[in-house]
Amino acid sequence: MYADRDLETLMARYQQGDFSAATALIQRLSPQLHRFFVIQFASRGDADDLLQETWLRIHQARHTYRAGEPVLPWFYAIARHIRVDHYRKASRSKSKEDRLDELPELPAAPEKEAGSTADLEALLATLPQSQREVVEMLKIVGMSLEEVARATSSSVGSVKQKAHRAYEKLRDRMGRPGSLARSAKAPRNG
């Protein structure tokens, strides 16, 4: 909670024109916002561009932040909208591209180490986008259910449901006990 209050204080100072507060916000939040984009897109270059776009949009919309409100959901709502806009734009341009008869060979992917970030990204990539972003915000960023609900314009119940379904899918993919498929119990007598 201390960190949240510190972020809110920095944001309030930033709104008042203190650009050292803006620098502090950028330094503290950029790594986790960058991860938010990297998990979705294969290209780190795209993630870099989206992070830059997010900070530009935050700067333009800083006057809309309400002092005293949690700041992380406000930042992540902006980042989420940037990500959706990028996805839509990429989909439109991809549909206009001409297909090649022959695709160029891609270099071999480096081997992944067990427990690496790439493994986590690959595992999360198997989830639907709405479930993936809920898990990212809850488990990677450490936001509360209420903050995730606010950032995704959803209800807390909807966030819980998406998280539960995502956890079940992840358990199934990891082959761990506790999933619905593995923990089916015998019917009760009586």
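Here the condition is being within 30 Å of Glu121 (Cα to Cα), out of contact with any Lys or Arg (no Cβ under 7 Å at 6 or more places or on another chain) and of a type outside the set (Gly, Ala, Ser); of Thr64, Thr23, Thr9, it holds for Thr23 alone.
Name the one entry in Ser93, Ser116 that is modelled with pLDDT under 70 and surrounded by 10 or more Cβ atoms within 10 Å (Cβ to Cβ). Going through Ser93, Ser116 in turn, just one is modelled with pLDDT under 70 and surrounded by 10 or more Cβ atoms within 10 Å (Cβ to Cβ): Ser116.
Can you confirm whether Glu136 is out of contact with any Asp or Glu (no Cβ under 6 Å at 6 or more places or on another chain), among the acidic types (Asp, Glu) and modelled with pLDDT of 65 or more?
The answer is yes for Glu136.
With respect to Arg44, determine if the residue is under 22 Å from the mean Cα position of the chain (by Cα) and either in the same structural domain as Ser130 (by TED's automatic domain parsing) or within 22 Å of Ser130 (Cα to Cα) (or both). Yes, satisfied. Residues that are farther than 21 Å from Asp6 by Cβ, modelled with pLDDT under 95 and of a type in the set (Ser, Thr, Tyr) occur at least once in the range 29-43.
Scanning the range 147-177 for residues that are within 16 Å of the chain's Cα centre (by Cα) and small (Gly, Ala, Ser) yields a total of 6. Listed by position, the helices (runs of 4 or more DSSP H) enclosed by the range 1-65 that each have at least 2 residues that are in contact with a His (Cβ under 8 Å, 6 or more places away or on another chain) are 44-61.
Just one residue in the set Ser158, Ser179, Ser154, Ser183 is closer than 23 Å to Trp74 by Cβ, out of contact with any His (no Cβ under 6 Å at 6 or more places or on another chain) and at pLDDT below 90; that residue is Ser154. Of everything listed in (1) outside any helix (DSSP H, G or I); (2) surrounded by 16 or more Cβ atoms within 10 Å (Cβ to Cβ); (3) without any contact (Cβ under 8 Å) to a residue 60 or more places away in the chain, the single unmet condition for Ile78 is (1).
The values are calculated or read from the model by the stated rules, or taken from the named source; none is laboratory data. Please read all numbers here as calculations on a predicted model, not as lab measurements. With ideal geometry, Cβ positions are generated from the backbone for all residues, glycine too; neighbour counts draw on all protein chains shown.
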